[in-house]
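Visitor: What follows is a single structure, and I will ask about it in a moment.
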Amino acid sequence: MKLKFAAKASDLIGEKTDCLVVFANSNKRLPTAAASVNKATGGAITDLIKGGDLGTELGSHVLLHNPKGIAAKRLLIVFADKPKLGDRAFMGLAKDAVACCLTAGVNSYSLCLEDISVEDRCIQWQVRIFTETFIKATYRFDTYKSKKPPVPPAVKLTYMVAHKASVTAVKRGLAIGEAIGYGSSLARDLGNTPPNICNPSYLSKQAKAMARGEQSLSVKVLGEKEMDALGMHSLLSVGRGSVQPSQLIVMDYRGGKKGDAPHAIVGKGITFDSGGISLKPGASMDEMKYDMCGAAAVFGALQSVMALNLPINLVCVVAAAENMPSADASRPGDIVTSMSGKTIEILNTDAEGRLVLCDALTYVQKFKPKTIIDLATLTGAVIGALGNEASGLFSNDDGFAKTLINAGQLSGDRVWQLPLWDDYAKQLKSPFADIANLGGPGAGTITAACFLAEFVKDQTWAHLDIAGTAWIKGANKGATGTPVGLLTEYLMGL
Ligand code: BES
Ligand code: MN
Ligand code: ZN
């Protein structure tokens, strides 16, 4: 579905649109835009409130056809609870409002978000969230369906503001919302693409396609030979059992000053995780195509950063491999030497994410980045700890962790910090190598993060375990695009 967003300063009464959306609450006085529409329609909104038709739950709504006194063909009235909303409540309201709009199924909508105020947030943020929500709600992945359900050819959404002075803020919110929205769509597409198509080489092609015609982006792909020469035997051990060659994809975005140290994002790109010789059980194994969602978020965030032309330097690294069993695959008990020189005893070939990431982290530190964030569907254990509501956050710098928690709150990609204490790291001791790739049995998400921390040398670093947030199961099964919003928010704030 093609979407068009616009911002406009004018009154709502004369607005020619398929559907005008206003927000009402049960306070004595309606908010400004709703009040003007109420007046023009001879009290249509207050009638609905008084009659109890509108409902009093956040997001409950009524759609009127051919309303009198205004130019719009339809009037959608959405109940917006109290005069000041929390940010989570606003995100929920945006979702509800967008869902009502989409059931109306028309080609143009106009709405005034100024009638809603959100605690500690401005109109720019509201427009950004609403835009993102609209893009996310209209996302479809039907590439592999031979019959595609029909969709309207184009939909236009116009943000109405009372004063010209707000147009700039609204337009900025719109640009950010589009950047994050479409960045998330890219991440979702990559995540949803089946693993027989989306393999490491497919991800390399994606990177090269993004750099085509873009002066600010250069891409380098290291194949198995090059990685072997660099000593990345930990990463290479993961792809040994696969016929698909492993790849280290390096995307260097230069939007900032020449000599400025870059920031870095690193993604786990296991395009299918069978577990290897430590084979996973069969149930839901198809979901292990999502084991490259960290990489997908890197691509999505990069696209978003490029769309916004952010004035920063950013190195993006994707560690891409397929984890398969075969006669030549790694065995439990194997010892490999990582690029850092540390030897690793592979106790479980299903703990492969840390094996690819440790070499990618060693590699990226050559760029002397100001900060490093890695993203990975690293452990099932994070789902036990945080469910599907937040990603696990680990950092060697509490100030940096706070910045990311805040970026998560602003973007809706929530994260929750867990400890990186030495007491946990002890579980990774190996009698034969420098470190083992398995701790436990308790605190699996923490010991995995402790393993990664061992490979970070005096750099500001954070790790996000997105195994519980990167995709959803059930009827709406699919990749979520998390945490493209958090990453973009963080990088915008620099
Ligand atoms: N990709 C998985 C983590 C995962 C599992 C994400 C289930 C989402 C749902 C990872 O490579 C893995 O297999 N981790 C193991 C680690 C264990 C062997 C220490 C796990 O979580 O079971
Ligand atoms: Mn695994
Ligand atoms: Zn995995």
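Visitor: Under the classification rounded if a/c is under 1.5, otherwise prolate if a/b is larger than b/c and oblate if not, where does the range 189-263 fall, given a ≥ b ≥ c as square roots of the Cα gyration tensor eigenvalues?
Guide: Because a/c hits 1.5 or more and a/b fails to exceed b/c, the range 189-263 counts as oblate.
Visitor: Would you mind getting me the FRET efficiency between A9 and E287? Use the beta-carbon distance for r and R0 = 45 Å, nearest 0.05. It would help to have the intermediate numbers written out before the result.
Guide: Values: r = 47 Å, r/R0 = 1.05.
For A9 and E287, the calculated efficiency is 0.45.
Visitor: Checking the a/c ratio against 1.5 first, then a/b against b/c, what shape does the Cα gyration tensor give for the range 269-384?
Guide: Oblate is the answer for the range 269-384, as a/c is 1.5 or above yet b/c matches or exceeds a/b.
Visitor: Counting Lys and Arg as +1 and Asp and Glu as -1, each charge on the Cβ, what is the dipole of the chain about the Cα centre in debye, to the nearest 20?
Guide: Computed charge dipole of the chain: roughly 1880 debye.
Visitor: Run the numbers on the chain and let me know its relative contact order in percent, using alpha-carbon pairs under 8 Å that are six or more apart. Before the final figure, lay out each step's value.
Guide: Numbers: 1139 pairs, mean separation 70.0, N = 494.
Computed value for the chain: 14 percent relative contact order.
Visitor: Bin width 5 Å, origin at 0, all Cα-Cα pairs of the range 3-181: what percent of pairs per bin?
Guide: So the P(r) values, bin by bin, are 1, 9, 18, 22, 22, 15, 8, 3, 2, 1, 0.
Visitor: In whole angstrom, and with the biggest value first, how far do the Cα coordinates of the chain range along each principal axis?
Guide: 82, 50, 45
Visitor: Here's a follow-up. Relative to the longest principal Cα axis of the chain, at what angle does helix 167-192 sit, 0 to 90 degrees, rounded to 10?
Guide: Approximately 40 degrees, to the nearest 10.
Visitor: Any idea what % of Cα-Cα pairs in the range 214-337 are farther than 24 Å? Each step should come with its number before you reach the end.
Guide: On the way: 2783 of 7626 pairs.
In whole percent, the share of Cα-Cα pairs in the range 214-337 beyond 24 Å is 36.
Visitor: Mind checking the range 411-472 for chymotrypsin sites (Phe, Trp or Tyr not before Pro) that DSSP puts in a loop (not H, G, I, E or B) and that have at most 11 other Cβ atoms within 10 Å?
Guide: W421, F432
Visitor: Pop out the carbon and sulfur fraction of the accessible area of the chain as a percent, whole number, probe 1.4 Å.
Guide: 52
Visitor: Which residues among the range 199-234 fall inside the zone where the amide N is under 13 Å from a point 7 Å beyond the Cα of N309, along Cα→Cβ?
Guide: From the range 199-234, the list is 215-216.
Visitor: While we're on this one: Solvent-accessible area per residue for the chain at a 1.4 Å probe radius, Å²?
Guide: Computed with neighbouring chains in place, this is 42 Å² per residue.
Visitor: Still on this structure, please answer the following. Positive end of the dipole of the chain, charges at C-beta (+1 Lys, Arg; -1 Asp, Glu), about the Cα centre: which of V315, G177, A407 has its Cα farthest in that direction?
Guide: Highest projection toward the positive end goes to G177.
Visitor: Now for a different question. Could you pull out the trypsin sites (Lys or Arg not before Pro) across the range 229-314 that fall in loop regions by DSSP (anything but H, G, I, E, B) with no more than 12 other Cβ atoms inside 10 Å?
Guide: Answer by residue number: K257, K258.
Visitor: Given 0.36 nm per residue, what is the gain on full extension from V167 to S60 after removing their alpha carbon distance, in nm?
Guide: Here the answer is 35.7 nm.
Visitor: Same structure again: For the range 448-494, what does the alpha-carbon gyration tensor say about shape, rounded, prolate or oblate, given a ≥ b ≥ c as the root eigenvalues, a/c under 1.5 as rounded, and a/b over b/c as prolate?
Guide: The shape class here is oblate.
Visitor: Can I ask one more? Return the distance in nm (one decimal) between the two label points of a simple spin-label model at Q409 and T343, each offset 7 Å from Cα along Cα→Cβ.
Guide: Reported label-point gap for Q409 and T343 is 4.7 nm.
Visitor: Please give the helix 200-211 orientation as an angle from the longest Cα principal axis of the chain, in degrees from 0 to 90, rounded to the nearest 10.
Guide: With both axes taken from Cα atoms, the answer is about 50 degrees.
Visitor: Looking only at the range 193-493, where both bridge partners belong to it, what percent of the DSSP beta bridges are antiparallel (to the nearest 5)?
Guide: Values: 23 of 48 bridges.
The answer is about 50 percent antiparallel.
Visitor: Now for a separate question. Grab the DSSP H runs of the chain that are 4 residues or longer, score each as -39,500 (n - 2.57), total them, divide by all residues and round the 222 nm result to the nearest 500 deg cm²/dmol. Provide the component values of the computation, followed by the final result.
Guide: On the way: 15 runs with 171 residues, N = 494.
That comes out to -10500 deg cm²/dmol.
Visitor: Using a 10 Å Cβ count of at most 13 others and DSSP loop calls, identify the longest part of the chain lacking such GluC sites (Glu not before Pro).
Guide: 215-388
Visitor: Further question on the same structure: Quick one: Cα centre-to-centre distance for the range 396-435 and the range 40-114, in angstrom?
Guide: 42
Visitor: Using DSSP to define loop residues, name the trypsin sites (Lys or Arg not before Pro) in the range 25-101 whose beta-carbon has at most 14 other beta-carbon atoms within 10 Å.
Guide: The qualifying sites are K28, R29, K68.
Visitor: Note the angle between two axes, namely the Cα long axis of helix 87-104 and the longest principal axis of the Cα atoms of the chain, as a number of degrees from 0 to 90, rounded to the nearest 10.
Guide: 70
Visitor: Kindly flag which residue pairs out of K220/K257; K208/K457; K280/K402; K4/K473; K208/K366; K370/K473 have an alpha-carbon separation exceeding 25 Å in this structure.
Guide: Working: K220/K257 21 Å; K208/K457 30 Å; K280/K402 36 Å; K4/K473 30 Å; K208/K366 22 Å; K370/K473 36 Å.
K208/K457; K280/K402; K4/K473; K370/K473, as the Cα separations exceed 25 Å there.
Visitor: How many nm is it between the label spots at A104 and K16, if each spot is 7 Å from the Cα in line with the beta carbon?
Guide: A separation of 1.7 nm, rounded to one decimal place.
The values are calculated or read from the model by the stated rules, or taken from the named source; none is laboratory data. Being a predicted model, the structure only gives us computed values, none of them experimental. Quick reminder, even Gly has a Cβ in these numbers, built from the backbone with ideal geometry, and neighbours come from all protein chains shown. Ligands, DNA and RNA are stripped out before the accessible areas are found, and what is left, the full protein with its side chains, is counted by its heavy atoms. Shrake-Rupley method; radii C 1.70, N 1.55, O 1.52, S 1.80 Å.
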